[in-house]
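Take a look at this one; I'll ask things after.
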Amino acid sequence: MSSIPKEVLANKSQRFINFCIDFIVRMVIFLGIGIVIGIADQFFMTDYVSFFENMNRLQEIFIELLLVSVYYLLMEILTARTIGKYITGTMVVDQNGNKASSQHIALRTLCRFVPFDPLSFLGQDGSGWHDKWSKTLVIDVKKFNEDKRRRHEFEELGASEE
């Protein structure tokens with residue numbers, strides 16, 4: 001069970017905006033990689049472009065899953081945030097409010113590939129399958145810090161009265 005109050009969890013709007021922004025960022029990264037490959041192909045007279053043009057659908061899916069995994073793993077392991085989470089002021093934590101471990105983030109990233117996972121956060125509590133199965137939460141950083149500050153002040157008040 002989580003020790004995080006529901007009031008500090010990211011709301012559905014924040015989660016949806018995170019998804020949209022991260023989708024756009026991933027597409028821009030894919031486009032950038034394609035441009036770099038195209039330039040390298042022309043500049044160094046390599047044959048990279050024809051390799052990518054001749055890939056079958058399974059190979060395309062594998063490359064896409066690899067790039068998506070790298071994006072989420074790097075961003076969330078290093079900073080507990082993606083570009084979308086930075087913009088909305090949210091971040092990933094474990095169920096106790098601490099930085100999520102690399103194992104939690106790896107499982108979270110893997111769970112993102114379950115069909116319909118992007119829609120799972122639209123449920124009643126607003127957390128997705130990749131949150132539940134990896135035992136992580138997405139919090140609103142300002143609300144979380146304010147709650148932590150209030151709890152600390154309350155504890156200090158109780159300690160000073162003893």
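The values are calculated or read from the model by the stated rules, or taken from the named source; none is laboratory data. Keep in mind that this is a model prediction, so the values were computed, not measured. Glycine also receives a Cβ, built like all others from the backbone with ideal geometry; neighbour counts cover every protein chain displayed. Accessible surface is based on the protein model in full, side chains and every heavy atom, while ligands, DNA and RNA are left aside. Shrake-Rupley method; radii C 1.70, N 1.55, O 1.52, S 1.80 Å.
May I ask you to list, by number, the DSSP H helices of the chain whose Cα span along the axis is at least 15 Å and whose average Kyte-Doolittle hydropathy reaches 0.0 or more?
The qualifying helices are 12-43, 57-79.
Would you please classify the overall shape of region 36-162 from the alpha carbon gyration tensor, given that a ≥ b ≥ c denote the square roots of the eigenvalues, rounded means a/c under 1.5, and beyond that prolate means a/b larger than b/c while oblate covers the rest?
Prolate, because a/c is 1.5 or more and a/b exceeds b/c.
With a probe of 1.4 Å, find how much accessible area region 1-59 has per residue, and write the answer as a whole number in Å².
74
For THR79 paired with LEU65, estimate the spin-label separation in nm (one decimal), with each label point 7 Å from Cα along the Cα-to-Cβ line.
The two pseudo-label positions are separated by 2.7 nm.
When ranked by the protection proxy of mean other Cβ atoms within 10 Å per residue, highest first, what sequence do the peptides 131-142, 76-87, 57-68 form? It would help to have the intermediate numbers written out before the result.
On the way: 131-142: 20.0, 76-87: 18.5, 57-68: 11.9.
Averaged packing, sorted descending, gives the order 131-142, 76-87, 57-68.
Could you work out what % of the accessible surface of region 41-162 is carbon and sulfur, using a 1.4 angstrom probe and leaving DNA, RNA and ligands out of the count?
Of all accessible area on region 41-162, carbon and sulfur atoms account for 63 percent.
Hey, what number do you get for the chain at 222 nm if only DSSP H runs of n ≥ 4 count, each worth -39500 (n - 2.57), divided across all residues, to the nearest 500? Each step should come with its number before you reach the end.
On the way: 8 runs with 107 residues, N = 162.
Per the formula, -21000 deg cm²/dmol.
With contacts defined as alpha carbon pairs under 8 Å and 6 or more residues apart, what's the relative contact order of region 36-117 in percent? Write out the running numbers ahead of the final one.
Working: 42 pairs, mean separation 15.3, N = 82.
About 19 percent, as a whole number.
Cα centroid distance between region 109-123 and region 56-102, in Å?
Centre-to-centre (Cα) distance: 13 Å.
Another question, if that's okay. Measure off 7 Å from each Cα along the Cα-to-Cβ vector at GLU155 and ALA40, then give the distance between these two points in nanometres to one decimal.
Distance between label points: 5.0 nm.
Averaging sequence separations of C-alpha pairs under 8 Å and six or more residues apart, then dividing by the length of the chain, give the relative contact order as a whole percent.
29
Can you pull the one-decimal nm distance between simple spin-label points at GLN124 and GLU146, each 7 Å off the Cα toward Cβ?
2.7
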